[in-house]
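Worksheet for the structure shown next.
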């Protein structure tokens with residue numbers, strides 16, 4: 001599997017070179033930046049006087065196919081930096097020269113196919129004849145080296161596969177993803193909005209979205225109370241000194257908003273909830289008998305994200321973490337991790353996510369804490385996964401600087417992976433805040449701290465839910481569960497009784513008694529993806545019954561209100 005992924009990566013990287021060659025052939029004044037392979041495809045960044053349009057992608061793709069049929073071999077060359085600079089100077093490729101000058105080695109690697117030469121480490125396929133099944137997808141803006149103060153480039157995205165069938169399957173998935181785009185559905189279903197008057201990356205939850213959020217939050221809180229957590233609420237700002245103690249003011253500064261002056265003191269809007277939870281722990285003297293202590297909070301935090309990376313609900317500047325911190329003794333660590341993993345899987349399955357990948361991230365090059373502690377923590381994470389018989393992959397060196405971690409990436413109905421859940425062990429903050437508990441010898445010891453988020457953030461998780469269900473939410477999550485529709489004015493009083501009865505049974509029902517045709521009202525309810533529609537006509541009124549149509553069905557079934565309520569309570 002790993003070899004297959006490497007081969008696919010090689011094909012896609014080679015296709016990005018083929019695209020760059022075609023772009024230069026069609027638009028000779030273009031300057032080339034970088035063109036890596038990425039998950040599900042590749043891209044190349046261009047600085048061109050021509051603004052690329054969809055019709056240009058068609059032309060570029062055609063030229064790529066023409067070049068590919070020439071069976072041009074990808075030739076590897078090692079040359080001196082000076083020689084490479086001279087080569088790219090002759091063609092005016094300033095970005096390549098900048099990249100070369102940043103390379104520490106005396107020599108650099110070039111790859112050539114036909115007359116096209118690029119700075120690249122490789123590897124590549126043998127020749128362009130192997131590049132057959134590809135598609136250019138879109139154009140987006142990008143800053144050179146991700147720096148908003150540098151040149152703005154045009155990024156062309158594409159994808160490539162070894163077979164025609166694989167490409168067709170991927171393109172079909174992209175079409176489905178486009179139809180499920182949470183930004184589009186969020187607007188159509190009136191769930192949320194992002195408005196310029198408020199600011200980029202800041203979410204306005206509309207009534208239906210806010211109701212869904214309440215349903216999610218209520219479930220989350222109840223589940224945590226049942227699992228031995230205490231709920232906290234903490235401020236949105238704090239003295240800058242707190243963030244200096246935690247290390248955020250130094251290590252996380254670029255992701256934090258500017259400080260504010262309050263009574264001639266500097267305050268910082270919070271990027272994390274952790275320091276507050278630590279202070280609550282420290283507000284009492286703790287005994288070894290008190291541990292573990294589990295604190296949970298739906299805490300809204302604010303982080304500065306560059307405008308170019310903001311993306312609907314998936315990447316925002318203000319979001320609510322389903323945050324929790326566990327403080328335990330070293331001998332309790334493995335059991336706590338075991339409990340968190342099981343709790344996490346329960347939460348995810350409740351929302352309909354039964355497929356996921358698990359990654360164990362180990363110690364990075366730059367880290368804090370003692371090696372012995374790292375080994376104990378990593379072994380505790382590993383043992384918990386193995387005891388639960390959960391398959392996982394080791395991600396070497398990808399732990400955070402303060403400890404190893406487990407990440408769960410859920411898969412949606414299209415097979416796409418989403419990073420939501422994380423379990424992290426922290427050696428840094430307990431030391432920085434001098435956290436203690438009294439052991440069985442009445443001596444102070446430092447507790448082990450576990451950071452964990454199960455959904456990640458409510459905003460991102462809500463976005464994933466919208467796309468997973470395409471807005472057709474399961475009954476328990478749907479903001480409006482039932483729409484009561486009348487055929488004419490004569491049945492309004494009876495229909496209103498039905499609606500009132502549903503509301504009394506805590507079913508989220510909404511009436512539609514407008515003077516419109518039945519077909520029109522049913523179509524509107526279908527577009528709104530309401531799980532159930534109740535149709536009330538004179539026959540239903542005379543029989544004391546209701547006609548029910550489920551979302552996605554074209555048939556109705558007659559039943560009583562009591563039976564209908566019972567059926568919904570079982571869902």
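The values are calculated or read from the model by the stated rules, or taken from the named source; none is laboratory data. This one's a predicted model, so the numbers in the text were calculated from it and none came from an experiment. Positions of Cβ are generated from backbone atoms using ideal geometry, with glycine treated the same way; all protein chains shown enter the neighbour counts.
Residues checked against (1) surrounded by fewer than 18 Cβ atoms within 10 Å (Cβ to Cβ); (2) closer than 16 Å to residue 452 by Cα; (3) in contact with a strand residue (DSSP E or B) (Cβ under 7 Å, 6 or more places away or on another chain):
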residue: 364; (1), (2), (3): yes, no, no
residue: 378; (1), (2), (3): no, yes, no
residue: 386; (1), (2), (3): yes, no, no
residue: 389; (1), (2), (3): yes, no, no
residue: 393; (1), (2), (3): yes, no, yes
residue: 404; (1), (2), (3): no, yes, yes
| said: The conditions are (1) more than 21 Å from residue 191 (Cβ to Cβ); (2) free of Cβ contacts under 8 Å to residues at least 60 places away in the same chain, and residue 512 fails exactly one of them. Which is it? | reply: (1)
| query | Do we have residue 161 as surrounded by 13 or more Cβ atoms within 10 Å (Cβ to Cβ), modelled with pLDDT of 95 or more, within 23 Å of residue 58 (Cα to Cα) and touching a helix residue (DSSP H, G or I) at 6+ places or on another chain (Cβ under 8 Å) here? | reply | yes
| message | Give me the helices (runs of 4 or more DSSP H) completely within segment 499-571, filtered to those with at least 1 residues that are under 13 Å from residue 486 (Cα atoms), ordered by residue number. | response | 518-527, 538-543
| Just for strands (runs of 3 or more DSSP E) wholly inside segment 277-382: which have at least 2 residues that are under 21 Å from residue 431 (Cα atoms) and at pLDDT 95 or above? | 293-302, 318-328
| message | Looking at 227, 233, can you tell me which residue is under 22 Å from residue 327 (Cβ atoms), touching a residue at least 40 places away in the same chain (Cβ under 8 Å) and surrounded by fewer than 13 Cβ atoms within 10 Å (Cβ to Cβ)? | response | 233
| message | Whether any residue in segment 490-499 is out of contact with any strand residue (DSSP E or B) (no Cβ under 7 Å at 6 or more places or on another chain) and in contact (Cβ under 8 Å) with a residue 40 or more places away in the chain is what I want to check. | response | yes
| field | Conditions (1) more than 30 Å from residue 529 (Cβ to Cβ); (2) out of contact with any strand residue (DSSP E or B) (no Cβ under 6 Å at 6 or more places or on another chain); (3) surrounded by 13 or more Cβ atoms within 10 Å (Cβ to Cβ); (4) modelled with pLDDT of 95 or more: number failed by residue 145 | value | (4)
| query | For segment 191-206, how many residues are out of contact with any strand residue (DSSP E or B) (no Cβ under 6 Å at 6 or more places or on another chain), touching a residue at least 24 places away in the same chain (Cβ under 8 Å) and surrounded by fewer than 17 Cβ atoms within 10 Å (Cβ to Cβ)? | reply | 2
| Name the pairs: first residue in segment 252-267 and more than 20 Å from residue 310 (Cβ to Cβ), second residue exposed (fewer than 12 other Cβ atoms within 10 Å of the Cβ), Cβ to Cβ under 9 Å, at least 6 apart or on different chains? | 267/261
| query | Given the conditions (1) surrounded by 15 or more Cβ atoms within 10 Å (Cβ to Cβ); (2) out of contact with any helix residue (DSSP H, G or I) (no Cβ under 7 Å at 6 or more places or on another chain); (3) not in a helix (DSSP H, G or I), and given that residue 215 satisfies all but one, which numbered condition is not satisfied? | reply | (3)
| message | So residue 153 ticks every box in (1) within 30 Å of residue 473 (Cα to Cα); (2) in contact with a helix residue (DSSP H, G or I) (Cβ under 7 Å, 6 or more places away or on another chain) but one. Which box is left unticked? | response | (1)
| query | In this structure, does residue 56 turn out to be under 24 Å from residue 170 (Cα atoms), crowded, with 16+ Cβ neighbours inside 10 Å and assigned by TED's automatic domain parsing to the domain that holds residue 18? | reply | yes
| Mind checking which residues of segment 56-86 are closer than 20 Å to residue 153 by Cβ and within 32 Å of the chain's Cα centre (by Cα)? | 56, 57, 60, 61
| message | One residue is enough: does segment 113-121 have a residue meeting the conditions crowded, with 19+ Cβ neighbours inside 10 Å, within 31 Å of the chain's Cα centre (by Cα) and modelled with pLDDT under 95? | response | yes
